[in-house]
Amino acid sequence: MLNGAGATPGEREVPIEVCMLSSGSDGNAAFVRSGSTTILVDAGLSLKELSRRLSLIDEEPRSLDAVVITHEHIDHVRGIGPLSRRHRVPIFTNDATARASTLRAQCSDTLERFTTGTPFEVGNLLLRPFPVPHDAAETVGFNVSDGRVNVGVATDLGSVTLEVREGLSNCDALVLEFNHDESMLMDGPYPPFLKERVSGPHGHLSNDDAGALIEDVFHEGLQYLVLAHISRINNKPSLSVKTARKALGSGGADVRVSVGRHDIIGEIITV
Ligand SMILES: [Zn+2]
Ligand SMILES: [Zn+2]
């Protein structure tokens, strides 16, 4: 039963906790815990590194209830096969992602399907996968809820659609892509085709794109914002933070902003 929906008056509320184990093109994994339910959104690190980082927050791979996959790019699925085979962790994906990847062969015994746009439950959590325009088979973002609070996770977008705005509205915590600074990308070392892909509608959000989205979805209940998938070559965390702060404005001065990193785990966010 979902926490908020089923809690009786006076019963202690169980928080949702979120920890970015890794963020960026070297690997993405967001850990989410609600009571005894633990999931990862993506598992883009090797199993060895995932295990090491989970141990830093007193967790281990075999106790994960699920890994839910946003899309099949390697920085999101690197550790999926070993998690499935060695630790029997259920892997949730949509059918298009399964077909476009080696997931069916890698996780034949633990692969579960969700339908984009249709909510599904994992333990205490209700997950709503919503479509995003990023250039994989059928990329999704997730709105994760315990019936009391909502956490939005969208790390590879490309552009902002109505479904993205809806999926990320009413969130108490947001993990959102702030991939590149437009000038740094255009003046930087990427070849022209890659600059076009990254900045295009099916690539990644710039700081300014993400800032505009924050202005759209901001509401008084927003407590945390994690800036995710920040490019090491075409961005600086300080630029992303500056843009996020500007977008949050005086109304969002109390929102805690942190940066998802590839090399170390983030703080544990409690909502
Ligand atoms: Zn990615
Ligand atoms: Zn991607």
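Given the criteria charged (D, E, K, R), outside any helix (DSSP H, G or I) and open to solvent by 10 Å² or more (accessible area, probe 1.4 Å), does residue 109 qualify? Yes, satisfied. Across region 46-94, the number of residues qualifying as in a loop (DSSP other than H, G, I, E, B) and away from ligand 2 (no atom under 15 Å from the Cβ) comes to 12. Which residue is nearest to residue 202 (Cα to Cα), if the candidates are limited to region 106-159 and must be acidic (Asp, Glu) and away from ligand 2 (no atom under 16 Å from the Cβ)? My answer is 112. Region 190-260 holds helices (runs of 4 or more DSSP H) entirely within its bounds, and those carrying 2 or more residues that are modelled with pLDDT of 95 or more and polar (S, T, N, Q) map to 237-248.
From the list 231, 199, the one residue that fits, being within 16 Å of ligand 2 (Cβ to nearest atom), touching a Ser or Thr at 6+ places or on another chain (Cβ under 9 Å) and without any contact (Cβ under 8 Å) to a residue 40 or more places away in the chain, is 199. Restricting 152, 141, 167 to those that are within 16 Å of ligand 1 (Cβ to nearest atom), crowded, with 18+ Cβ neighbours inside 10 Å and under 30 Å from residue 215 (Cβ atoms) reduces the list to 141. In region 38-81, what count of residues is obtained for those that are under 19 Å from residue 109 (Cβ atoms), open to solvent by less than 10 Å² (accessible area, probe 1.4 Å) and within 12 Å of ligand 1 (Cβ to nearest atom)? So the answer is 1.
When residue 227 is tested against (1) within 15 Å of ligand 1 (Cβ to nearest atom); (2) open to solvent by 60 Å² or more (accessible area, probe 1.4 Å); (3) farther than 16 Å from residue 134 by Cβ, only condition (2) is not met.
Among the residues making up region 204-220, those that are open to solvent by less than 40 Å² (accessible area, probe 1.4 Å) and in contact with a strand residue (DSSP E or B) (Cβ under 9 Å, 6 or more places away or on another chain) are 204, 205, 206, 207, 210, 213, 214, 217. Scanning region 123-136 for residues that are more than 14 Å from ligand 1 (Cβ to nearest atom) and open to solvent by 10 Å² or more (accessible area, probe 1.4 Å) yields 123, 124, 126, 128, 130, 131. Just to be sure, is residue 157 within 16 Å of ligand 1 (Cβ to nearest atom), open to solvent by 20 Å² or more (accessible area, probe 1.4 Å) and under 23 Å from residue 236 (Cα atoms)? Taking the combined requirement at face value, the residue does not satisfy it.
The residues of region 170-184 that are under 15 Å from the mean Cα position of the chain (by Cα) and either among the hydrophobic types (A, V, I, L, M, F, W, C) or surrounded by fewer than 23 Cβ atoms within 10 Å (Cβ to Cβ) (or both), listed by number, are 171, 172, 173, 174, 175, 176, 178. With respect to residue 97, is the statement that it is at negative phi and either within 16 Å of ligand 2 (Cβ to nearest atom) or among the aromatic types (Phe, Trp, Tyr) (or both) true? The answer is yes for residue 97. Yes or no: residue 200 closer than 20 Å to residue 139 by Cα, more than 17 Å from the chain's Cα centre (by Cα) and surrounded by fewer than 20 Cβ atoms within 10 Å (Cβ to Cβ)? So residue 200 passes the test.
The values are calculated or read from the model by the stated rules, or taken from the named source; none is laboratory data. Just so we're clear, the structure is a prediction, and the values are computed from it rather than from any experiment. Note that each Cβ is placed from the backbone with ideal geometry, even for glycine, and that neighbours are counted across all protein chains shown. Side chains are part of the model used for accessible areas, which takes the heavy atoms of the whole protein and leaves out ligands, DNA and RNA. Shrake-Rupley method; radii C 1.70, N 1.55, O 1.52, S 1.80 Å.
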